[in-house]
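Take a look at the structure below.
The values are calculated or read from the model by the stated rules, or taken from the named source; none is laboratory data. Just so it is clear, the model here is predicted, and its values are computed rather than measured. When we count neighbours, we look across all protein chains shown, and the Cβ atoms used for this are built from the backbone with ideal geometry, even at glycine.
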């Protein structure tokens, strides 16, 4: 068997170690993608430095000249100076994932290796005490003897390696099988070069007198390769941790079997005010009492935790405990912040509990899963007594089919709405009318049934019924009695003398006014009910000019003047023309002279458009003004007609204001104030022409949207409903 020369073999191993370190560099560089440029620079730089160190050591062993041997030895020491620092930082990043290296600390860590490397190359006497010869299998080799500064570097390197080893051992204690294997490989990768470096400091003879640390770097490269490929060193696990674990909204705390904190994520550190220095400390000393108690078995995990928040309000956390995987004795605690959800639940619960409407949730069979507290006020039942009962049990027998059928038809259509109206039995034995809407929410796991909202409309239904009956009776009986009055009035007019004929004519006119009043009241109700109030931009000046033009045509003896400023767009609707016409018409009709004068003035103030209708007549009676302005009628003070009330209702419907002023020397001024609008007017001519300014005047109002084009609904222009010229009118 041929014996190989020892020194060339050692040199070859050193060159192979350099190649291995250089080859592992790209593998580790690719594995650190997603970890930032700092991590890539650290790993890639460390692999390159180790490769150069091993290569320089190989040249040291192959050099034949003494001077060359010493030169390559100094180069190898300089290149190997930062290796221990890079190794320690690498271990910290693996065992303390939340830790980041501050810039100041990085400079301090790099300072000592930089000084050592520079001194080894430029000031060798500062680093080395000299050199000695070593006989390696018959071949002499010069090796450097460490000096004082290299001794300082050795102590610094040993401290870093021991610190890294302690972190690995501590991490392996509470780790699972996969992490423990990774930590073991990292430990071997650092321990082998550390041992060979320690042997070099001993003055050993022969082959052991040469520094074998660069050759041992091949073992480190192999361990790092295995840890990267098999145990996800810098790979998916670390990337997942950075991308998922630290970004989770739920706080996560990992504790080992000894109840010590192993790891925390950003949300947990913020919630419990902990940091990396607390890793390894007992959970009872770091976490709040309620959170720390979860690490002990037998503690209720469903009970929420309350902790102080940064805004001064308490935060509510829902905890959960899971054992660590792989049979490791330890726990993973997660804490979900449900403060906002709890607040929303309390808010919506308050909405439901204090609302007058009844909220019901029923299953597919019609059984009541939930009933809101409003049912106690509406039907007199206690909520627990109703829940679980069939809904139809409380429905009038005659209405049950009308309630069950639409719900059954909507059962297979999630989101479908069902409108129902039925009579429900009250606890006192009576019946209440309920109407509402049910929605199929079986697809929503939080509802899983029909969500029904019901409103008690018993009072409204009874009121509307009474109103319909009374209106029908009033109109029927009033018309019948007025027909009798009109019949006798005709007899008096036809058969009586001149004086009686005059009396009969007065009776007939009054009877016609009463007959017209019922139709007029119905017209007011229809007009205001069918109108979309609220207001939109309307040019008030255009409305005033149209009303003025119509008044001049209708009342040729009246002096109607219109004055309009610029920019008179205000919030109104199509009934503004009706209100303005009523004011002008009444001013003319109630004038006590032969030439009534009416002034329409439209102007823009800061935030309002003001329409003023002034006349020089006898003025609006004080009782009428007081009643309309206050909005309340009494037996002593009431408006004599509905004309001014109609104006008030129209103006109120668009958030306007109606007031009255005196007109010097006589007469009244009606002031309408509307909110100013900067937008262009909206609506077409038909909307802004409810009394048909540009169309022929119909002979008779039908009580619809065309509101009394002649002012009173009798088809005549006198405004009093009698076909004559009497000045008495109920419009005031």
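Among the residues that make up segment 326-336, is at least one of them surrounded by 12 or more Cβ atoms within 10 Å (Cβ to Cβ), touching a helix residue (DSSP H, G or I) at 6+ places or on another chain (Cβ under 8 Å) and at pLDDT 80 or above?
Yes, segment 326-336 contains a residue that is surrounded by 12 or more Cβ atoms within 10 Å (Cβ to Cβ), touching a helix residue (DSSP H, G or I) at 6+ places or on another chain (Cβ under 8 Å) and at pLDDT 80 or above.
Listed here are the residues, each with its yes/no results for (1) outside the structural domain of residue 197 (by TED's automatic domain parsing); (2) in a helix (DSSP H, G or I); (3) modelled with pLDDT of 80 or more; (4) surrounded by fewer than 19 Cβ atoms within 10 Å (Cβ to Cβ).
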position: 10; (1), (2), (3), (4): no, yes, yes, no
position: 16; (1), (2), (3), (4): no, yes, yes, yes
position: 21; (1), (2), (3), (4): no, yes, yes, no
position: 30; (1), (2), (3), (4): no, yes, no, yes
position: 41; (1), (2), (3), (4): no, yes, no, yes
position: 47; (1), (2), (3), (4): no, yes, yes, no
position: 53; (1), (2), (3), (4): no, yes, yes, no
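Only one of 384, 414 is over 16 Å from residue 454 (Cα atoms), touching a residue at least 12 places away in the same chain (Cβ under 8 Å) and loosely packed, with under 14 Cβ neighbours inside 10 Å; which?
When all the criteria are applied, what remains is 414.
Quick check: is even one residue across segment 128-145 assigned to a loop (DSSP other than H, G, I, E, B), out of contact with any helix residue (DSSP H, G or I) (no Cβ under 9 Å at 6 or more places or on another chain) and over 30 Å from residue 261 (Cα atoms)?
no
Please verify whether segment 160-172 includes one or more residues that are in contact (Cβ under 8 Å) with a residue 60 or more places away in the chain and part of a loop (DSSP other than H, G, I, E, B).
Scanning segment 160-172, I find no residue that is in contact (Cβ under 8 Å) with a residue 60 or more places away in the chain and part of a loop (DSSP other than H, G, I, E, B), so the answer is no.
Scan (1) surrounded by fewer than 23 Cβ atoms within 10 Å (Cβ to Cβ); (2) assigned to a helix (DSSP H, G or I) for the single condition residue 64 breaks and write down its number.
(2)
One residue is enough: does segment 261-278 have a residue meeting the conditions surrounded by 15 or more Cβ atoms within 10 Å (Cβ to Cβ), under 14 Å from residue 331 (Cα atoms), modelled with pLDDT of 65 or more and in contact with a helix residue (DSSP H, G or I) (Cβ under 6 Å, 6 or more places away or on another chain)?
Among the residues of segment 261-278, at least one is surrounded by 15 or more Cβ atoms within 10 Å (Cβ to Cβ), under 14 Å from residue 331 (Cα atoms), modelled with pLDDT of 65 or more and in contact with a helix residue (DSSP H, G or I) (Cβ under 6 Å, 6 or more places away or on another chain), which makes the answer yes.
Condition first: surrounded by fewer than 21 Cβ atoms within 10 Å (Cβ to Cβ), touching a residue at least 60 places away in the same chain (Cβ under 8 Å) and part of a helix (DSSP H, G or I). Now tell me which residues in segment 196-215 satisfy that.
206, 207, 209
Counting just the residues of segment 583-605 that are touching a strand residue (DSSP E or B) at 6+ places or on another chain (Cβ under 8 Å) and surrounded by fewer than 16 Cβ atoms within 10 Å (Cβ to Cβ), which one comes out nearest to residue 671 (Cα to Cα)?
Checking each candidate, the answer is 605.
Looking only at helices (runs of 4 or more DSSP H) that fall completely inside segment 359-409, which ones have 1 or more residues that are more than 14 Å from residue 432 (Cβ to Cβ)?
Values: elements: 374-379, 383-386, 400-409.
The qualifying helices (runs of 4 or more DSSP H) are 383-386, 400-409.
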